[in-house]
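These notes are about the structure you will find just below.
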Amino acid sequence: MLRIIATRAVLGVLTLLAVSVLIFAATEILPGDVASAVLGQGATPDALKVFRHELGLDRPAYVRYFEWLSGAVRGDFGVALTNGRIIIDEVRPRFINTLFLAGYAAIIAVPLSVGLGIVAAINEGKFVDKLANILTLMTISVPEFFIAYLLILFFAVDNEWFPSLSTVFPEMGLGERFYVTTLPALALTMLVAAHMLRMTRTSVLSVMSQPYIEMAFLKGLSRSRVILKHALPNAAAPIISVVALNLAYLIVGVVVIEVVFVYPGIGQLMVDAVSKRDLPVVQACGLIFAGAFVGLNTLADILAILVNPRLRKPR
Amino acid sequence: MTELDKLQAIYANGGMSRRDFLAGIAAIGAGASSGAALLSGQALAETPKKGGTLRIGMEGGGPSDSLDPRTYADSIPIAYSLALMNGLVEINNAGKAEGELLESWETKPGATEWIFNVRKGVKFSNGKTLDADDIIYSIGLHTGETKSPAKGILAQIKEIKKLSPNQLQFTLSDGNADFPYVLSDYHLMVVPNGFTEWSKPVGTGGYSLETFEPGVRVVLKRKGDYWKKDRANFDTVEIRYITDKTARTSALQSGQIDAANRLDARTVKLLMKDPKLNIVRTEGTGNRYCFVARVTDSPYDNKDLRLALKYGIDRKKIIDQVFTGFATPGNDHTLDAFYPYYNKTMPQRAYDPEKAAFHFKKAGLSNAKLELQTSEGAWDSAVDCAQIYQESLKKAGISLDIKKVAADGYWDNVWLKVPFCAVYWGRRPTVDLVLSQVYKSGSSWNDSNWSNAEFDKLVVAARGELDDKKRREMYFRCQELISEDGGMICFAISDYLDGYSKKVMGAAPHARYDLNDQRIAEKGWFA
């Protein structure tokens, strides 16, 4: 079993390496390099040459890639081109903010949707099942900014219960942080709930058609007991992976929500960097996003192996 | 000239409805309820009250903003910088230059030599008293080896000489009667001589820096003992970066911010109904939207065709449909009615399909292929504007092809490179800068390639002319020449739309920038 887990972990690292090559290559392929982006209209051939030398851009790409990568591993992404600030110092608080919001949304979304998914499976075809399905499908079927604006309209403008600006500041206490980020956390919950709920329901139901479940029923157990004790543990693997996928989405896919609620997360930083062509910042954000995505999925794989007896001993 | 006269001038020219005119007066009245004194920038009869926290939600900046004036390019840096520091010359609400740290000035005939008096008794936040050396150093930041955007407009300065600790003499390479206006540029902030540590700003402004988190917020605290007695009235000013228009609007409605810039023209009518809000509209001083034909390319080298293209655009329809009425018709040049030398006597060109058809026929180019290149990269509604244009030309029997091109690289690949395309221009501080950058022969930004000997001579002569009446005549003639003969169809100039909570006083329209010249932190107070 250890070997499988180790393999998964190594595969995760390899994926990340491949992504880092892609990120680096993509920014290399872009027409015009960093030097011409910074110099803009003042880019005379002479100035370009001097500036490229200053930035070390006149050396071969693979040398620069390994320098960048070894820096990144140590957490050193260099300095931003636009204002010369150290990138990691700028990214760190933003990334922590993003993790905070994702965590808050996950605390609401995961128990809610997995719980509702199980309830829906227990009551398959009944009213509760249909209601849960319809509601969550509705929230996933509209664009995220629309949900966000609806929440703002009802909870911030019409009834001033929550602020529509979710900007957090260093001096804020934990309670206040939770309060101001409630609306974006709710919006995110609505976005990811449907996926997790339906996956939970489906995987529980697919296990339900197995002979050993029939056996459990024949023993005279109640439906809820059969589902919780016998079906759920075997349905856990797909649920874990869909939860991980959604957690990753909460971290990397929240740019729009961050913009609408004016939340200082890493997504907004990346959008600003793209519009200013600040490539080192874009690269850093890209790598951090990839790290979060690959890391969570690898973790899900490993957990799925751990909870499933059959995966622990591959044939 | 009072604000009211200005409004009258705009409406007399603009073909605006009486209702809009009254709304405009109401906007001024609401902002300057304490009297005309505010508009002329003099002390108010009613003294502004001190205290409170002003929260401004703004678009126009990002995480890369810095406190170095050489990097300023958008609204938020201008706003915090004017709270922390002072400029050399201020533009008042009537559009006239007034002394700021350069208190007063005079010039000799020819306008090449200027004497400026440095304001006395002004102290920096580090305790140093302002003198001529600080001014020389601060201007020097933008000349010589520098990336400062102000470098170009300062190139005319040949020499700055210190006559005394409080007097400076500027020698220009050519006469320029508008030189004080040039010094009102927002990059020209004054810091102490030798100052380099930009992350810890030292200035003469009414506020000091409390928190600087670019991309998130900037917090400013009142210093007290500000040399402008009736200004800088808030205890605290908090500028919040709110890039999303809807987020800004809803924050204003729910009272989380007290002021917001760049309201959405499509929804501002609804906001005007909100009893808690005061919407201040500065008419027609924003972006100048144009379609520009190069007069050196066939068939646009035909003057009658250019006139046909100018008469064939339905300005009113574009303004009503695309800008929901919140723009002012352009008169085929990029000057607006707030410039002191705006030609009020020249009639506003209106949509006239018959005249367009007449000139088109006269041009004899019925088989010519007319293709207008447009893109969202020019401005977000450029394609919509072009489509209405196409429709309105059709009624005059002129068929126009529209080619929609990629937004990315529009200014590099299309503008200045194709015969007919969509362009927008920003405001420039002086008439001379507009005319010599956009229309004079040889200017690298003369996008219509227009060249007119009479115009070129007039621009140079007017620049050094100190007799206001003669200068006015020259500039009026220049505008007529562009409008009659030039290749630019300038059809609309956007409005600045600011939103304030009703309790914010001192909110008046200003031609240079929105939020009362980005000085609401300094000029405003709470009722």
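The values are calculated or read from the model by the stated rules, or taken from the named source; none is laboratory data. No experiment lies behind these values; they were computed from the predicted model shown. Reconstructed Cβ throughout: ideal geometry from the backbone, glycine too, with neighbour counts over all protein chains shown. SASA here: full protein model, heavy atoms, side chains in, ligands and nucleic acids out. Shrake-Rupley method; radii C 1.70, N 1.55, O 1.52, S 1.80 Å.
General remarks:
- Helices (runs of 4 or more DSSP H) completely within segment A:66-170 that count 1 or more residues being more than 10 Å from every other protein chain (Cβ to nearest Cβ), touching a Pro at 6+ places or on another chain (Cβ under 9 Å) and in contact (Cβ under 8 Å) with a residue 40 or more places away in the chain: A:87-122
- Test: residue in segment B:289-297 that is of a type in the set (A, V, I, L, M) and part of a loop (DSSP other than H, G, I, E, B): yes
- Residues that are open to solvent by less than 10 Å² (accessible area, probe 1.4 Å), farther than 25 Å from A:Leu306 by Cβ and in a helix (DSSP H, G or I) within segment A:237-270 comprise A:Ile257, A:Glu258, A:Val260, A:Ile266, A:Gly267, A:Leu269, listed in sequence order.
- Residues that are touching a residue at least 40 places away in the same chain (Cβ under 8 Å), touching a strand residue (DSSP E or B) at 6+ places or on another chain (Cβ under 9 Å), farther than 20 Å from B:Leu209 by Cβ and open to solvent by 20 Å² or more (accessible area, probe 1.4 Å) within segment B:84-130 comprise B:Ala97, B:Glu98, B:Trp105, B:Thr107, B:Thr112, B:Glu113, B:Ile115, B:Asn117, B:Arg119, B:Lys120, B:Gly121, listed in sequence order.
- With respect to the stated conditions, A:Val294 is part of a helix (DSSP H, G or I), modelled with pLDDT of 90 or more and either surrounded by fewer than 22 Cβ atoms within 10 Å (Cβ to Cβ) or under 16 Å from the mean Cα position of the chain (by Cα) (or both).
- Answer residue from segment A:271-284, given it is surrounded by fewer than 24 Cβ atoms within 10 Å (Cβ to Cβ) and touching a helix residue (DSSP H, G or I) at 6+ places or on another chain (Cβ under 8 Å) and is nearest to the other protein chains (Cβ to nearest Cβ) among those: A:Val271
- Restricting segment B:90-106 to residues that are at pLDDT 95 or above and in contact with a Phe, Trp or Tyr (Cβ under 7 Å, 6 or more places away or on another chain), the residue that is farthest from B:Val190 (Cα to Cα): B:Trp105
- Qualifying residue in segment B:315-325 (condition: under 14 Å from B:Asp495 (Cβ atoms) and polar (S, T, N, Q)): yes
- Selected residue [farther than 19 Å from B:Leu309 by Cα and surrounded by fewer than 18 Cβ atoms within 10 Å (Cβ to Cβ)] from B:Asp352, B:Asp412, B:Asp401: B:Asp412
- Of the residues making up segment A:285-306, at least one is out of contact with any strand residue (DSSP E or B) (no Cβ under 9 Å at 6 or more places or on another chain) and within 14 Å of chain B (Cβ to nearest Cβ).
- Selection count, segment A:214-236, where residues are assigned to a helix (DSSP H, G or I) and either in contact (Cβ under 8 Å) with a residue 40 or more places away in the chain or of a type in the set (A, V, I, L, M, F, W, C) (or both): 15
To keep it simple, each residue is scored yes or no on (1) more than 28 Å from B:His187 (Cβ to Cβ); (2) touching a residue at least 12 places away in the same chain (Cβ under 8 Å).
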{"position": "B:Glu473", "(1), (2)": "yes, no"}
{"position": "B:Ile493", "(1), (2)": "no, yes"}
{"position": "B:Leu497", "(1), (2)": "no, yes"}
{"position": "B:Lys503", "(1), (2)": "yes, yes"}
{"position": "B:Ala508", "(1), (2)": "no, yes"}
{"position": "B:Ala511", "(1), (2)": "no, yes"}
{"position": "B:Gln518", "(1), (2)": "no, yes"}
{"position": "B:Lys523", "(1), (2)": "no, yes"}
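- Of all the criteria given as (1) under 26 Å from the mean Cα position of the chain (by Cα); (2) at positive phi, the one not satisfied by B:Gly127 is (1).
- For B:Asn446: the one exception among (1) closer than 27 Å to B:Ser381 by Cβ; (2) touching a residue at least 24 places away in the same chain (Cβ under 8 Å): (2)
- Of the listed requirements (1) within 14 Å of another protein chain (Cβ to nearest Cβ); (2) touching a Pro at 6+ places or on another chain (Cβ under 8 Å), A:Ser203 misses just one: (1).
- Members of segment B:160-206 that are open to solvent by less than 10 Å² (accessible area, probe 1.4 Å) and outside any loop (DSSP other than H, G, I, E, B): B:Leu168, B:Phe170, B:Leu172, B:Phe179, B:Pro180, B:Val182, B:Met189
- Any hit, segment B:241-261, residues being more than 14 Å from every other protein chain (Cβ to nearest Cβ), open to solvent by less than 20 Å² (accessible area, probe 1.4 Å) and part of a loop (DSSP other than H, G, I, E, B): yes
- Count of segment B:213-240 residues which are under 15 Å from B:Leu82 (Cβ atoms) and either within 14 Å of chain A (Cβ to nearest Cβ) or open to solvent by less than 50 Å² (accessible area, probe 1.4 Å) (or both): 10
Here is a yes/no grid of residues against (1) over 24 Å from A:Leu245 (Cβ atoms); (2) open to solvent by 50 Å² or more (accessible area, probe 1.4 Å):
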residue	(1), (2)
A:Ala185	no, no
A:Met196	no, no
A:Gln210	yes, yes
A:Pro233	no, yes
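- Flag for B:Asp274 being surrounded by fewer than 16 Cβ atoms within 10 Å (Cβ to Cβ) and in contact with a helix residue (DSSP H, G or I) (Cβ under 9 Å, 6 or more places away or on another chain): yes
- Exactly one residue out of A:Ile257, A:Ile266 is within 18 Å of A:Ala109 (Cα to Cα), touching a residue at least 12 places away in the same chain (Cβ under 8 Å) and within 14 Å of chain B (Cβ to nearest Cβ): that is A:Ile257.
- Any pair with Cβ under 6 angstrom, 6 or more apart, that starts in segment B:345-364 at a residue that is touching a residue at least 12 places away in the same chain (Cβ under 8 Å) and ends at one that is among the β-branched types (Val, Ile, Thr): B:Phe360/B:Ile398
Quick grid of which residues meet (1) closer than 20 Å to B:Phe358 by Cβ; (2) open to solvent by 10 Å² or more (accessible area, probe 1.4 Å); (3) modelled with pLDDT of 95 or more:
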position	(1), (2), (3)
B:Thr282	no, no, no
B:Phe291	no, no, yes
B:Leu309	yes, no, yes
B:Gly312	yes, no, yes
B:Val322	no, yes, no
B:Gly325	no, yes, no
B:Asp332	yes, no, yes
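- Residues that are closer than 17 Å to B:Ile313 by Cα and not in a strand (DSSP E or B) do not occur anywhere in segment B:362-380.
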